[in-house]
Amino acid sequence: MHRVGSAGNTANSTRPRKEKRLTYVLSDADDTKHCAGINCLAVLKASVSGCDYLFTGSRDGTLKRWALAEDAATCPATFESHVDWVNDAVLAGDNTLVSCSSDTTLKTWNCLSDGTCTRTLRQHSDYVTCLAAAEKNSNVVASGGLGGEVFVWDLEAALTPVSKSGDSMEDDSSNVVNGSGNALPITSLRTISSSNSISVHTTQSHGYVPVPAKGHKESVYALAMNDSGSLLVSGGTEKVVRVWDPRTGSKTMKLRGHTDNIRALLLDSTGRYCLSGSSDSMIRLWDLGQQRCVHSYAVHTDSVWALASTPTFSHVYSGGRDLSLYLTDLATRESLLLCTGEHPILQLALHDDSIWAATTDSSVHRWPAEGRNPQKIIQRGGAFLAGNLSFSRARVSLEGSTLVPVYKEPIFTIPGTPGIVQHEILNNRRHVLTKDTAGSVKLWEITRGVVIEDYGKVTFEEKKEELFEMVSIPAWFTVDTRLGSLSVHLDTPQCFSAEMYSVDLNIVGKPEDDKVNLARETLKGLLAHWLAKRKQRFGAQASANGDAPSGKEVTTRSITHSRIEVDSNTENDSMVYPPFEFSTASPPSVITEGSQGGPWRKKITDLDGTEDEKDFPWWCLDCVLNNRLPPRENTKCSFYLHPCEGSAVQILTQGKLSAPRILRIHKVVNYVIEKMVLDKPLDSANPDTTLAPGLAGGPVQLSAIGDGSFRSGLKPWQKLKPSIEILCNNQVLSPEMSLATVRAYIWKKSEDLILNYRVVQGR
């Protein structure tokens, strides 16, 4: 997915403003499963009765809460609001979940709700990679990210309700904040002078600013805090462990020893000892009182990405890029390979006598761990002594003393669905071929958001070739699979460049020559639920620019920004045609932003009708509410129509012709026939009078071979209809080809197309 940055202009920018995009994310699977790698885990123990909960945050952009039973897990809630990977999540107290994302935000959630985002916190300027919470002080959370940014948040102050003024900070006290469903109004927005550009200030507008811990020059990948929240450690690409006083943000020490990025950190409850895991494959134990490394453990053969310790800090569980989970006794240095999987381990969470492992796969595994008494496992034998040099472990593995994992199978697995890893937009610009991590190849219809063919495990390239069609339709959308599913991006005005005739979309009851704008109808389909809710709220006038909030503002704004054309072919209908009806069973999610509050994500069925131009790009609303499209590049194709060499048939045409790009060759055939039949008795007449019915133009140029010119069909002279062929570059054209297709695949030149016609003898 594109990097999500601030979308407002800066004050003195002279570049044309880039309009905000609308993205929709498709899902064909069970919404209770993740469809991309799991970056983070958090376990919430039941207070007295009730079940334990596991929280997972994924590269699919969502978090989920799992209610855990003995050997089952159900997903009662999905937390959807981030617009990019969820990178970390921590529990602060009994009912607040804090998450951070590559979308540069932190979000707070009522963790036992049905997915309510209570606040969006914006302070970071780049991806937020990690969080740390204080076990016994639920008010303190630290966040770290790219660019060396570390902030310490006082949650109580950050979450203080703010007045509902226009300048309010994002307050999502309910599921619908200012209508966006996910924290909408922003950090302070101030208009600069009289220009239209907006400067986005990253301070929280009601006055709360987190404590910055300044000192990192490079990216931060790991944080840890002691129980009371009086000590913070951080690490990243600088290869040093930094120690901070989180209350003031001041540095207290810097610990050197690792030779590569630091990827995981742990502090014991008192804050005396620190464990670090690094891309140099080493685990190090630091004594912060002595400010030195007291032990180093060569256990892994590749980067260490995840650490979890027993409550007494006597043993550490570690995982990483070598796909393996180890248990190490920090005192005796005895180490044991617990299990080996198929995917790198990203995070670990101890849960009673077991451990949850999150990997780059969409499933989560629970392994036996004897967390209360890990010595039990080590006593069974099979342990090795961890060396203290990084190459010692690598050497052991090279010498062929293969370690045998203690456990072959996890106790339990929460399955995910395979993520999409490969895609190809087909030439018809409505279908996308995908391949997922399980090797399944599927065909999606993106104007309905559904899988129309599941081919199973076939060769992607062969299927792509088999589905090739010689058609040329403008690229009206782009696609990526960063979130493990198809994200379809619509950018104005390019998205409005593709049209088709209703007959080619099999739309019943609409004149077959009506042109259908694919993006316009797709937007109508996506926002059908929103429009229905809006009409319930504001009455019938909501569909046009009446009294409903946003109508008038959208109108004036659109007109001041650019020339606008009303889509003349269609009355202002909100009817959704079948090729554009999105599934309500597995509805897509919309990712977009309006004039305030930054990007947000929500299922189309969760929109409640209150969203307006603060939440949606104005061009989307203008299209759906007012039926207006921005000016687009020319949708016409110019061409010359000449007789074939030696052909006896000549028709009277004056110079260059022009027609819609999507016009089919059989219409050109009809045009030639009409001209032949009509011109015969009128040879001596003024050329202006020789035009076929419905064709307007002058002696020099026929302005259009219109769609309208052939609606009536060929009347009485049809019986005499000669058989005509149209050629281009000496190649006979199929009557079903469009002018755009002929131009792209047969003509292949930038200058105006030249078509030739001839009568086919003996038919």
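The values are calculated or read from the model by the stated rules, or taken from the named source; none is laboratory data. Values in this document were obtained by computation on a predicted structure and should not be read as measured data. Using ideal geometry, Cβ is built from the backbone for each residue, glycine included, and neighbour counts are taken over all protein chains shown. What goes into the accessible areas is simple: the full protein's heavy atoms, side chains included, and nothing from ligands, DNA or RNA. Shrake-Rupley method; radii C 1.70, N 1.55, O 1.52, S 1.80 Å.
Past 21 Å, Cα to Cα, is the threshold; run 535/603; 435/464; 464/602; 656/748; 33/602 against it and keep the listed order.
From 535/603; 435/464; 464/602; 656/748; 33/602, over 21 Å: 464/602.
Between residue 532 and residue 748, what's the calculated FRET efficiency when r is the beta-carbon distance and R0 is 35 Å? Round to 0.05. Spell out each step's value before the answer.
On the way: r = 47 Å, r/R0 = 1.34.
Result of the calculation: an efficiency of 0.15.
So how much accessible area does residue 340 have, in Å² to the nearest 10, using a 1.4 Å probe?
So the heavy atoms of residue 340 present about 70 Å² to solvent.
Near the amide H of residue 60, under 5 Å away, which other amide H atoms are found, from residues 5 or more places off or on another chain, if H is placed in the peptide plane?
35, 36, 86
Could you rank 458, 668 by how accessible they are, 1.4 Å probe, largest area first? Spell out each step's value before the answer.
Details: 458 55, 668 0 Å².
Ranking 458, 668 by accessible area, largest first, yields 458, 668.
Please work out how much length the chain gains when fully extended from residue 734 to residue 112, using 0.36 nm per residue of separation minus the C-alpha to C-alpha distance, in nm with one decimal. Intermediate results must be reported in sequence, preceding the final value.
Values: separation 622, 0.36 × 622 = 223.92 nm, distance 6.15 nm.
So the chain would gain 217.8 nm between residue 734 and residue 112.
Is there a pair in 636/749; 20/533; 18/239; 20/515; 136/251 whose C-alpha atoms are over 28 Å apart, and which pairs would that be? Before the final figure, lay out each step's value.
On the way: 636/749 16 Å; 20/533 24 Å; 18/239 39 Å; 20/515 26 Å; 136/251 22 Å.
Distance filter (> 28 Å) returns 18/239.
Which order do the peptides 326-338, 415-427 take when ranked by the mean count of other beta-carbon atoms within 10 Å per residue, highest first?
Final packing ranking: 326-338, 415-427.
Given a Förster distance of 30 Å, report the FRET efficiency between residue 385 and residue 52 from their Cβ-Cβ distance, rounded to the nearest 0.05.
Details: r = 35 Å, r/R0 = 1.18.
Rounded to the nearest 0.05, the efficiency is 0.25.
Just in region 590-663: which GluC sites (Glu not before Pro) are loop by DSSP and have at most 11 other Cβ atoms within 10 Å?
On the way: sites: 593, 611, 613, 633, 645; in loops: 593, 611, 613, 633, 645.
In loop regions of region 590-663 (DSSP not H, G, I, E or B), the sparsely surrounded GluC sites (Glu not before Pro) are 633, 645.
Let me check something: with ligands and nucleic acids excluded, how do 478, 96 order by accessible area (1.4 Å probe), largest to smallest?
Details: 478 70, 96 25 Å².
Correct descending sequence by accessible area is 478, 96.
How would 479, 503 line up by accessible area, probe 1.4 Å, largest first?
Working: 479 20, 503 65 Å².
The residues order as 503, 479, largest area first.
If you count only protein heavy atoms with a 1.4 Å probe, what accessible area per residue comes out for region 466-518, rounded to a whole Å²? Walk me through the numbers on the way to the answer.
On the way: 1950 Å² over 53 residues.
Solvent-accessible surface per residue comes out at 37 Å².
Any chance you could look up the accessible area of residue 378 with a 1.4 Å probe, heavy atoms only, rounded to 10 Å²?
10 Å²
Roughly how much of residue 758 is accessible, in Å² to the nearest 10, using a 1.4 Å probe?
90 Å²
What FRET efficiency comes out for the pair residue 70/residue 135, r = Cβ-Cβ distance, R0 = 25 Å, nearest 0.05?
Details: r = 27 Å, r/R0 = 1.07.
The value I calculate is 0.40.
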